[in-house]
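Below is one structure, written out as structure tokens; the observations come after it.
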Amino acid sequence: MRHLEVILIKPSKYNPDGFVQRFWKGFMPNATGRHIMSMTPAEASGAPVRVSWVDEYVYRPEEFMHLLSGSSDHRTLVALVGVQSHQFQRALDLAAFAVAHGCLAIIGGPHPMTCDTKDLQGRGVSFALAEAEQVWPTVIGDAAKGELQDVYGEGQRWAKELNASVLVPPTKGELKRYAMPMIGVYPARGCTFRCNFCSVIKIAGRQVRSQPVDTTIQTLRAAKNAGVRIVMFTSDNMNKYPGARELMEAMIEARTGLRFFCQCDTQIAGREDLIALMARAGCFQMFVGAESFDRETLIAAHKAQNRPETYRRIVDACRRHGIKSHFSSIIGFPNQDRADIREHVNRLLALDPDAASFYVLTPFPGTEQYGDFRRQGLLVEPNLDRYDTTHLVWRHPRLPPDELRRLLFECYCRFYRLDRAFGKAVRRYGMRPGRVMSSMETAVFNWMSGVLGRHPMSGGIGIRKIDHVREYLPYRRKLFGDVLAGDCVPLPDNLELSVSDEETNRKASPLPAG
Ligand code: SF4
């Protein structure tokens with residue numbers, strides 16, 4: 001039987017100038033691709049299986065596009081993984097290109113899981129509507145036999161339990177593509193809260209499911225041996241993961257020596273014991289979804305669990321234990337105007353977390369907010385490429401798109417103002433010039449990004465403009481031309497949860513604060 005070549009690709013997106021977004025070095029390697037790679041069997045339906053991984057953000061097209069062509073001596077499955085809405089059109093183009101060159105192609109991830117893709121189905125590209133654990137073994141088996149179904153995973157988005165594999169560690173060559181030798185690991189998935197703008201609860205559900213702690217420890221050991229030095233725990237939120245203490249203790253005992261970055265909700269304010277334990281286990285930065293200082297705004301966004309009066313405790317507790325607090329802010333909530341956004345930055349400066357990031361409120365397709373805005377006729381941006389948290393895509397009652405984008409970059413320039421950042425670094429690190437310089441590197445990068453009007457969290461450094469959407473549009477038009485509006489895929493409807501998934505959500509019991 002012919003062997004099966006599986007090409008896993010994390011697609012990039014198209015920038016406003018039409019170029020595919022690519023970087024000289026990336027910041028964070030994609031966690032989903034490595035996860036799926038680790039789940040891929042060595043043999044399926046009697047055929048040997050070989051798997052390759054491409055993170056489009058840090059690969060040049062000449063390094064991988066030749067893999068997207070069929071061959072008489074093997075079958076090729078091109079799987080676009082972890083596809084978010086702003087990457088969806090890029091994923092469709094790569095899939096259409098692969099199909100035109102004799103490959104099988106499938107698209108999975110947040111967009112097809114949460115949005116209706118019916119009009120795009122049955123044209124040669126398959127769609128995975130459930131998380132990988134639910135569908136990947138069947139997809140691989142079908143691909144080895146030479147034919148994919150139109151759709152996989154309809155009717156049940158989430159696996160009941162996570163039996164994750166130990167992650168295959170990255171090679172030295174892969175690590176070199178990133179600014180730091182880093183890997184992403186998911187010890188748990190799901191969040192019990194109901195923030196109306198959040199896609200996490202639509203992608204991973206409201207029940208927190210976790211993999212065995214030992215699996216995570218084995219993954220960390222393998223990663224360390226492969227040269228990884230930093231781990232990004234991608235779970236939302238680490239403080240709601242019931243196994244967090246056990247994992248931290250196991251990391252301390254295993255002396256992994258790895259430093260890690262994690263995300264917590266603001267109820268971590270009441271858990272200094274956990275913050276202290278995380279610090280001992282290697283946590284160097286904690287990302288906190290604060291979003292706003294205004295209680296009314298938070299309640300309107302169904303994020304009532306955030307109590308701004310507790311933010312100070314998070315910053316202080318992190319500082320006491322040597323962890324950098326990184327506060328995330330959303331700007332452009334419906335009730336905000338220019339003065340409100342500037343006042344938000346004033347309050348953030350007074351709070352003084354070590355790092356901050358800012359995002360434009362984006363009704364992500366698939367979320368509750370997207371459904372509401374769509375029903376109200378508020379969505380004005382027809383191009384999914386722009387649903388990326390740096391553009392205003394809906395009709396804001398008080399702010400035009402250009403002004404909100406200017407305010408976004410103004411937030412970065414103000415928070416990371418260089419004289420302030422230097423004074424802060426000297427106060428904090430005193431006569432340790434190495435630490436002062438490293439703190440200033442971050443500040444300079446963020447400030448400069450604000451000045452240049454580039455979002456610092458966009459994924460990498462050293463922008464490469466190589467290939468353009470016009471090279472791929474013929475493939476998009478050939479497969480999907482009759483459903484396109486202009487050359488854009490029409491904005492989708494949200495995909496409703498099945499009865500079984502609703503049932504899983506209902507079983508999600510609210511976890512105690514912290
Ligand atoms: S707390 Fe964070 S992950 Fe949970 S629903 Fe809200 S935004 Fe989403």
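Some notes on this structure:
- Taking Cβ atoms as reference points and 12 Å as the exclusive limit, the residues near H86 contribute a net charge of 0, counting Lys and Arg as +1 and Asp and Glu as -1.
- Formal net charge of residues neighbouring V6 (Cβ-Cβ distance under 11 Å; K, R +1; D, E -1): +1
- Leading residue at positive end of dipole, the stretch 172-461 (Cβ point charges), from F333, A269, L379: A269
- Summed residue charge, Cβ within 15 Å of P137's Cβ, Lys/Arg positive, Asp/Glu negative: -3
- Near the amide H of S329, within less than 5 Å, lie the amide hydrogens of E291, S357, F358, Y359, all on another chain or at least 5 residues away, with H placed in the peptide plane.
- Descending principal axes extents, the stretch 172-461, alpha-carbon based, whole Å: 54, 46, 42
- Heavy atoms of the protein chains alone define the surface here; on that basis the stretch 3-152 has 31 Å² accessible area per residue at 1.4 Å probe size.
- Each Lys and Arg adds +1 at its Cβ and each Asp and Glu adds -1 at its Cβ; summed about the Cα centre, the chain shows a dipole of about 1800 debye.
- Share, in percent, of DSSP beta bridges within the stretch 101-242 that are antiparallel, nearest 5: 20
- Within the chain, helix-based [θ] at 222 nm, where runs of 4 or more DSSP H residues each add -39,500 (n - 2.57), nearest 500: -11000 deg cm²/dmol
- Ordering F97, Y14, S85 by Cα displacement along the dipole of the stretch 3-152 toward the positive end leaves Y14 in first place; charges were set at the Cβ atoms of Lys, Arg (+1) and Asp, Glu (-1).
- Tilt relative to the chain, helix 85-100 - C-alpha long axis, 0 to 90 degrees, to 10: 20
- For the stretch 273-318 and the stretch 450-479, distance of Cα centres in Å: 33
- q = 0.08, 0.10, 0.13, 0.17 Å⁻¹, the stretch 3-152: log10 I(q)/I(0) [Debye, one scatterer per Cα]: -0.19, -0.30, -0.52, -0.93
- Packing around the peptides 96-103, 81-88, 372-379, 441-448, taken as the average count of other Cβ atoms within 10 Å per residue, puts them in this order, highest first: 81-88, 96-103, 441-448, 372-379.
- Between amide H atoms placed 1.01 Å from N, distances below 5 Å from H3 occur with R75, all of them 5 or more places distant or on a separate chain.
- The charge dipole of the stretch 258-367, taken about the Cα centre with unit charges on the Cβ atoms of Lys, Arg (+1) and Asp, Glu (-1), comes to about 340 debye, rounded to the nearest 20.
- Additional length obtainable on full extension of the chain from R477 to D316, 0.36 nm per residue less Cα span: 52.5 nm
- For the stretch 179-322, the carbon plus sulfur part of the accessible surface works out to 48%, probe radius 1.4 Å.
- Degrees, to the nearest 10: 132-145 long Cα axis against longest axis of the chain: 30
- Most simply put, the stretch 3-152 has about 15% antiparallel DSSP beta bridges, counting only bridges with both residues inside it.
- Cα→Cβ-extended label distance, 7 Å offset, between H468 and R406, nm: 2.9
- Point-charge dipole on Cβ atoms (K/R +1, D/E -1) for the stretch 3-152, about Cα centre, debye to 20: 280
- Antiparallel DSSP beta bridges within the chain, as percent of all bridges there, nearest 5: 25
- Ligands, DNA and RNA are left out, and with a 1.4 angstrom probe the accessible area of the stretch 315-401 is 37 Å² per residue.
- Charge dipole of the chain about the Cα centre (unit charges at C-beta), most positive-ward option of A421, H302, G124: A421
- Value in Å of the Kirkwood radius, where the chain supplies the Cα pairs that are averaged: 23.7
- Compared with the dominant principal axis of the Cα atoms in the chain, helix 244-254 is inclined by about 90°.
- Available extension along the chain between R60 and Q121 is 19.0 nm, counting 0.36 nm per residue and deducting the alpha carbon span.
The values are calculated or read from the model by the stated rules, or taken from the named source; none is laboratory data. Bear in mind that the values here come from a model prediction, so they are computed numbers and not experimental data. All Cβ positions, even for glycine, are placed from backbone atoms using ideal geometry, and neighbour counts span all protein chains on display. We work out accessible area using only protein heavy atoms, side chains counted, and drop any ligands, DNA or RNA first. Shrake-Rupley method; radii C 1.70, N 1.55, O 1.52, S 1.80 Å.
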